[in-house]
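**Student:** One structure follows; several queries about it will come next.
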Amino acid sequence: MHEPEFRTSRIAIALGFLAVLAVGGGGFLIGRYMAPQPHPTQAAPSAPMITLPTERPMLSRADFLSLAGKAADAVASGAPMPQEVRDAAGRRFDLVMPVGCDAPSEERKDRPSWSYDESRGRLRITIPAITWEPADWRLGDTPKINAIEGFWITRPWTSSDTCPPPVALPTPAEQPAEASAQEAATKERAAKEQTGPDSDTQPTPPAAAAEDAAPAPLAPRARETLAVAQFFLDNGTSGIRRMGRPYSIITRIAPDQLKAAQGFRIRLTGRVDRVPGGDPVQCTQPLGRDNPPSCVIATVLDEVRVENPATGAVLATWSAGHSSR
């Protein structure tokens, strides 16, 4: 029997190996070509960015003064109400007003008053709820208004929410007697020149002339020009309605916790409303166009608090649903 040579066997093995590679590679290529091609992967659409509205800051005393000033300027000049004033409807506010900055006084219906019994440590504060008629704000052709209640914002020319520092009132300077006599003689000569020697008109006596030369008394308390008020309608939004009753407090407080010069604070929280049939601010000029307008800002009160600025303590709270006093 003839056995293959070693070289021949190696060639046969190599050829067989090449044949296997050729068949396997061809099958791989054919299978790859015939196999279904996967669809290209599409990236999922990104969710749109949602920008949440930023919460607007609460309006303060300075903001109220600014709104009233813009509204008053529009009314006095005959211009349309600024959009900034109209957009204030619905804004939340935290309004602080100093009260009782004067010395203790008897209870009154037109302004806050307070008294303190140091021997008993008893403090009494009375803050009236001011009421108006619709005609006071030129609201004749509007839905039925049951009541208008609110507060005057005193000293509306400053944004400070604290009592002003005490200031000594100027006193009229006394004129020297010699100067007064000389001035009286001058007036007497002027009167004779005007009336003539044969006139029946009597010259002004020196005493009367001195009285005429005296300075005029100090001006009375300036009228209020800015108010915050709630307008109560038949089906309107509820708030805090006092129906003629003042905000009254009787509490005990130690003498060292009371600083009379600092007075007290009344804090109003709620939202700006609209005057029935109008804008958030209503201004009128009851004394004519040459006098500053009086304005009212419509509000809905959620809470009324009276605070002691000396300690920061809350002395009383009234809310739309509950009153602590």
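The values are calculated or read from the model by the stated rules, or taken from the named source; none is laboratory data. Note that the structure is a prediction, hence the values are computed from the model and not measured. Here the Cβ positions follow ideal geometry from the backbone for every residue, glycine too, while neighbour counts run over all protein chains shown. With ligands, DNA and RNA removed, areas are computed over all heavy atoms of the protein, side chains included. Shrake-Rupley method; radii C 1.70, N 1.55, O 1.52, S 1.80 Å.
**Student:** Does segment 119-136 hold any residues that are surrounded by 12 or more Cβ atoms within 10 Å (Cβ to Cβ) and of a type in the set (S, T, N, Q), and which are they?
**Tutor:** T126, T131
**Student:** Failed condition for V296, given (1) out of contact with any Pro (no Cβ under 7 Å at 6 or more places or on another chain); (2) open to solvent by 60 Å² or more (accessible area, probe 1.4 Å); (3) in contact (Cβ under 8 Å) with a residue 40 or more places away in the chain; (4) not small (G, A, S), with all others met?
**Tutor:** (2)
**Student:** Here are R241, R305: which of them is surrounded by fewer than 20 Cβ atoms within 10 Å (Cβ to Cβ) and under 16 Å from R61 (Cα atoms)?
**Tutor:** Going through R241, R305 in turn, the sole match is R305.
**Student:** Check off (1) outside any loop (DSSP other than H, G, I, E, B); (2) modelled with pLDDT under 95 for V96 and give me the number that stays unchecked.
**Tutor:** For V96, the exception is condition (2).
**Student:** Let me spell it out: the conditions are (1) surrounded by fewer than 17 Cβ atoms within 10 Å (Cβ to Cβ); (2) not in a strand (DSSP E or B), and Y116 meets all of them except one. Which number is the exception?
**Tutor:** (2)
**Student:** For segment 262-272, check the following and say yes or no: at least one residue is open to solvent by 60 Å² or more (accessible area, probe 1.4 Å) and over 27 Å from W114 (Cβ atoms).
**Tutor:** Checked segment 262-272: at least one residue is open to solvent by 60 Å² or more (accessible area, probe 1.4 Å) and over 27 Å from W114 (Cβ atoms).
**Student:** Looking at segment 137-152, is at least one residue in a helix (DSSP H, G or I), open to solvent by less than 80 Å² (accessible area, probe 1.4 Å) and at pLDDT 75 or above? Spell out the reasoning first.
**Tutor:** The first filter runs over segment 137-152 and keeps only residues in a helix (DSSP H, G or I), leaving 137.
From the residues that got through so far, the ones that are open to solvent by less than 80 Å² (accessible area, probe 1.4 Å) too are 137.
Those still in the list that are at pLDDT 75 or above too: 137.
Yes; the residues of segment 137-152 include at least one that is in a helix (DSSP H, G or I), open to solvent by less than 80 Å² (accessible area, probe 1.4 Å) and at pLDDT 75 or above.
**Student:** On to the next question. Can you pull out every residue in segment 85-103 that is acidic (D, E) and over 12 Å from the mean Cα position of the chain (by Cα)?
**Tutor:** Residues satisfying the conditions are D87, D102.
**Student:** From the list P165, P156, P82, pick out the single residue that is more than 14 Å from the chain's Cα centre (by Cα) and either open to solvent by less than 50 Å² (accessible area, probe 1.4 Å) or closer than 25 Å to L287 by Cα (or both).
**Tutor:** Numbers: P165 fails: either open to solvent by less than 50 Å² (accessible area, probe 1.4 Å) or closer than 25 Å to L287 by Cα (or both); P156 fails: more than 14 Å from the chain's Cα centre (by Cα).
One residue alone meets the criteria, P82.
**Student:** Take segment 271-301 and flag every residue that is under 24 Å from the mean Cα position of the chain (by Cα) and on the phi > 0 side of the Ramachandran plot.
**Tutor:** Result: G277, single match.
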